[in-house]
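Here the structure is laid out as structure tokens; the discussion comes afterwards.
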Amino acid sequence: MVAGRVVSDAPIAIFDSGVGGLTVMAAIAKRLPQERLVYLGDTARLPYGTKSAETVTRYAVQAARALMRFEPKMIVVACNTVSAVALPVLTAAYAPIPVVGVVEPGARAAVAASRSGVIAVIATEGTVRGGAYVRAIHALKPDAQIVQRACPLFVALAEEGWLSGPVPELASEQYLKDLFASGNAPDALVLGCTHFPLLAAPIARAVGAGVVLVDSAETTAIEVERLLTERNQRRDAAAAAPKFLGTDAPERFARVGSLFLGARIEPAQVELVDLTP
């Protein structure tokens, strides 16, 4: 930290494999509008969800290292896959800076939302394979019954902006209908990928009424607020413009990212960075 710098004015650094994590950034900005936010999307190497844990961890360390030039007061891992496999490495590497992932806040919200203790998790292949949500939910509620399903097509649909119409409706039914057709169906569904909240409407129709959708973006924003308050690091100043970094195609980052952020991003706002050593 630069001598004399007030830590509460330092930014919150957020990163993801692409632009999906902008849903987390949007939730943080809504909850904490005065905070300075820096977002990095590793758009050159997405998706992370199909890669090995070793590769994902290496990419995550590179992304976090690139963000350290902004001297952040907190790092938010807005990627379920990274949160599932690399959070301990990042936490150890950047202590005492807190590193917040999306899995544990999502797990807490799911346990609170479920009345029956039967919880479904949909995510990428990597997140499902890693079992991080299962471990996090069982740590809070050991007798919880958890079903998981990888829904990789949802990522592509969200990236293309296909958020309504017959294609997302059919994909949601194909992925989810059978999970919620039994007598012991889940009553809470964790959207375990930052892309999935954009498809909340067709997903909700596929699973039926009475199932609570748990958005990890919103629950992560709540956790960020809690930690900043606990550490007395809330920024008390006028809102600042966010900063965007990408590793490839600023034009696509801006176009697709605007969908996830819910606000317009101009290509000129996206700084191109290289994460490789």
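Computed quantities for the displayed model
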read-out: Only one of I137, I119, I97 that is within 21 Å of Y175 (Cα to Cα), at pLDDT 95 or above and not aromatic (F, W, Y); value: I119
read-out: Selection from the range 158-188 of residues that are touching a helix residue (DSSP H, G or I) at 6+ places or on another chain (Cβ under 6 Å) and modelled with pLDDT of 95 or more; value: P168, E169, A171, S172, E173, L176, A188
read-out: Of residues in the range 226-244 being of a type in the set (D, E, K, R) and not in a loop (DSSP other than H, G, I, E, B), the one surrounded by the fewest Cβ atoms within 10 Å (Cβ to Cβ); value: E230
read-out: Number of the exception - E223 against (1) touching a Pro at 6+ places or on another chain (Cβ under 7 Å); (2) assigned by TED's automatic domain parsing to the domain that holds G21; (3) not in a helix (DSSP H, G or I); value: (3)
read-out: Which numbered condition P47 misses (of (1) under 18 Å from L90 (Cα atoms); (2) modelled with pLDDT under 95); value: (1)
read-out: Tabulated pairs, the range 118-136, first over 27 Å from G210 (Cβ atoms), second assigned to a strand (DSSP E or B), C-beta under 7 angstrom, 6+ apart or interchain; value: E125/A150
read-out: Single residue of the range 245-277 satisfying the filter (of a type in the set (S, T, N, Q) and over 21 Å from the mean Cα position of the chain (by Cα)) that is surrounded by the fewest Cβ atoms within 10 Å (Cβ to Cβ); value: T276
read-out: Among residues of the range 153-207, those that are within 28 Å of T43 (Cα to Cα) and assigned to a strand (DSSP E or B), counted; value: 4
read-out: Filter result for V155 (crowded, with 20+ Cβ neighbours inside 10 Å, more than 12 Å from I119 (Cα to Cα) and more than 21 Å from the chain's Cα centre (by Cα)); value: no
read-out: Test: residue in the range 132-140 that is assigned to a helix (DSSP H, G or I) and hydroxyl-bearing (S, T, Y); value: yes
read-out: Failed condition for A139, given (1) surrounded by fewer than 14 Cβ atoms within 10 Å (Cβ to Cβ); (2) without any contact (Cβ under 8 Å) to a residue 24 or more places away in the chain; value: (2)
read-out: Count of the range 46-65 residues which are of a type outside the set (A, V, I, L, M), closer than 16 Å to V155 by Cβ and surrounded by 19 or more Cβ atoms within 10 Å (Cβ to Cβ); value: 4
read-out: Flag for L199 being under 27 Å from Y48 (Cα atoms), at pLDDT below 95 and surrounded by 15 or more Cβ atoms within 10 Å (Cβ to Cβ); value: no
read-out: Close pairs (6 angstrom Cβ cut-off, 6 or more residues apart or separate chains): farther than 15 Å from P47 by Cα in the range 242-257, of a type in the set (F, W, Y) and crowded, with 22+ Cβ neighbours inside 10 Å anywhere; value: F244/Y39
read-out: Residue satisfying all of: in the range 33-44; surrounded by fewer than 19 Cβ atoms within 10 Å (Cβ to Cβ) and touching an Asp or Glu at 6+ places or on another chain (Cβ under 8 Å); farthest from A84 (Cα to Cα) among these; value: Q34
read-out: Residue match in the range 257-274 (condition: farther than 21 Å from L67 by Cβ and β-branched (V, I, T)); value: no
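Yes/no matrix, rows are residues, columns are (1) among the hydrophobic types (A, V, I, L, M, F, W, C); (2) in the same structural domain as P250 (by TED's automatic domain parsing); (3) in a loop (DSSP other than H, G, I, E, B):
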position: T23; (1), (2), (3): no, yes, no
position: A26; (1), (2), (3): yes, yes, no
position: Q34; (1), (2), (3): no, yes, yes
position: Y39; (1), (2), (3): no, yes, no
position: E54; (1), (2), (3): no, yes, no
position: A60; (1), (2), (3): yes, yes, no
position: A63; (1), (2), (3): yes, yes, no
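The values are calculated or read from the model by the stated rules, or taken from the named source; none is laboratory data. The model shown is predicted, which means the values in this text are computed figures rather than measured ones. Ideal geometry is used to build each Cβ from the backbone, glycine not excepted, and the neighbour counts take in all protein chains shown.
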